[in-house]
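So the structure is just underneath, and the comments pick up after that.
The values are calculated or read from the model by the stated rules, or taken from the named source; none is laboratory data. All figures in this text were calculated on a predicted structure; none of them were measured in a lab. Cβ: placed from backbone, ideal geometry, glycine included. Neighbour counts: every protein chain shown. Just the protein is used for accessible areas: all its heavy atoms, side chains included, with ligands, DNA and RNA removed. Shrake-Rupley method; radii C 1.70, N 1.55, O 1.52, S 1.80 Å.
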Amino acid sequence: MVHGRNSYKRSAALGQFVMHRGMIISTMQAVFSSIFYFASVPLYQGFLMVGYATIYTMFPVFSLVLDQDVKPEMALLYPELYKDLTKGRSLSFKTFLIWVLISVYQGGILMYGGLVLFESEFVHVVAISFTALVLTELL
């Protein structure tokens, strides 16, 4: 029972984080393209994309996989904790929509903020926005 409960909560959080991770970088690409007249120029090239999906954002994934909200003894002692799981609150349309809205907001702010705040450093917009993206994901 304890392992099933932890597995469900971890899988729900991990699935939504992975979707968030992809959606935030897609939003940044969409903002970048819309600012530059929908030119088909990628914001980030191959190695940055591969590194973002694997190396740079692996710590939040491990923290989600190894997370325990309550100790196993407490989960066995209080069966009321399982009611939340039967209602599907951890992985619902509402939580998915919240993650999507957070992704769109963060991606838009990161890209617009990087372009507005560092307008004179436009040559470095990729490095600035990518650094802000990775730091945001790690925090």
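Chymotrypsin sites (Phe, Trp or Tyr not before Pro), restricted to the range 2-62: which are DSSP loop and have at most 14 other Cβ atoms within 10 Å?
Here the chymotrypsin sites (Phe, Trp or Tyr not before Pro) that fit, given the DSSP loop and packing criteria, are F36, Y37, F38.
Using only Cα atoms, what is the ratio of the radius of gyration of the chain to 2.2 N^0.38 Å?
Cα-based Rg divided by the globular estimate yields 1.29.
Can you give the accessible area per residue of the range 1-129, in Å², using a 1.4 Å probe?
Per-residue accessible area for the range 1-129 comes out at 66 Å².
Tell me, what HN-Hα J-couplings in whole Hz come from the Karplus equation 6.51 cos²θ - 1.76 cosθ + 1.60 at θ = phi - 60° for each residue of the range 20-37, using x for Gly and Pro?
Each residue of the range 20-37 in turn: 4, 4, x, 5, 5, 6, 5, 5, 5, 5, 5, 5, 4, 5, 5, 5, 9, 6 Hz.
At a 1.4 Å probe, what is the % contribution of carbon and sulfur to the accessible area of the chain?
The C+S portion of the solvent-accessible surface of the chain is 72 percent.
Considering only DSSP states other than H, G, I, E and B, which trypsin sites (Lys or Arg not before Pro) in the range 22-106 qualify as loop sites with at most 12 other Cβ atoms within 10 Å?
Qualifying residues, ordered by number: K87, R89.
With labels modelled as points extended 7 Å from the Cα through the Cβ direction, what inter-label distance (nm, one decimal) is found for S7 paired with S120?
5.7
If r is the Cβ-Cβ distance from A30 to A53 and R0 is 22 Å, what FRET efficiency results, to the nearest 0.05?
According to the calculation, E is roughly 0.80.
Give the ranking of L139, L76, L43 by solvent-accessible surface, highest area first, calculated with a 1.4 Å probe.
L139, L76, L43
Tell me, what ³J(HN,Hα) does each residue in the range 116-132 have, in order and in whole Hz, if you take phi through Karplus 6.51 cos²θ - 1.76 cosθ + 1.60 with θ = phi - 60° and put x for Gly and Pro?
Taking θ as phi minus 60°, the curve returns 7, 6, 10, 4, 6, 9, 4, 4, 9, 4, 5, 5, 5, 5, 5, 4, 5 Hz for the range 116-132.
If the chain between L101 and Q45 were fully stretched, how many nm would it gain, using 0.36 nm times the residue separation less the Cα-Cα distance?
17.6 nm
So between Y78 and I109, what do we pick up on full extension, going 0.36 nm a residue minus the alpha carbon distance?
Taking Y78 through I109 to full extension adds about 7.0 nm, to one decimal.
Hey, for a label at A127 modelled as a point 7 Å past Cα toward Cβ, could you say which residues of the range 51-95 have their backbone N under 19 Å away?
51-52, 56
For S34, S120, give me the order by solvent-accessible area with a 1.4 Å probe, most accessible first, ignoring ligands, DNA and RNA.
If we order S34, S120 from most to least accessible, we get S120, S34.
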